[in-house]
């Protein structure tokens, strides 16, 4: 994990958990960029998710971690971008499988439905699990990208 560049973004519902995860990863990864938001004041998540997705598309960051109350809105927004494969993860097995089988590059966490310890576990699993390749490559390659 030490060489990874990680980007974070969230809405107001994900802010407090995002802050804990940024602190948790500080020193464990090469770099962290926090695209916001920066408080619990109500915001529109696309304002923060689009810049994160663009930065990952441009290879400025290896992975993204995005949060909102359910993780649904942020994942839908991120997945509008070419080359982004955002996966909503609510258990550790899903955090592993989305990397192994789907080569997900953005972890979407539902801040209102998981606690800090679960989130840390999911982040660790996501960041340390490799894409299996093999039969999964063909499937991932068939995911259409927007032009």
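Miscellaneous remarks
- Cα-based equivalent ellipsoid, the stretch 68-137: semi-axes from gyration tensor eigenvalues, Å: 19, 16, 8
- Protection proxy ranking, highest mean first, for peptides 87-100, 5-18, 126-139, 22-35: 5-18, 87-100, 22-35, 126-139, where packing is the per-residue count of other beta-carbon atoms within 10 Å, averaged.
- Contact order, relative form, for the chain: 24 percent (alpha carbon pairs under 8 Å, 6 or more residues apart, mean separation divided by residue count).
- For the chain, the longest principal axis of the alpha carbon atoms and the long axis of helix 116-128 meet at an angle near 30°.
- Axis of helix 46-57 versus longest Cα principal axis of the chain: the two differ by about 40°, to the nearest ten degrees.
- Listed options for log10 I(q)/I(0) by the Debye sum over Cα atoms at q = 0.09, 0.16, 0.17, 0.18 Å⁻¹ are (1) -0.23, -0.77, -0.87, -0.99; (2) -0.41, -0.97, -1.04, -1.11; (3) -0.26, -0.86, -0.97, -1.10. The value calculated from this structure is the one marked (1).
No value in this document is a laboratory result; all are computed from the given coordinates. Quick caveat: nothing in here was measured; it's all calculated off a predicted structure. Because the Cβ atoms are built from the backbone with ideal geometry, glycine has one as well, and the counts that use them run over all protein chains shown.
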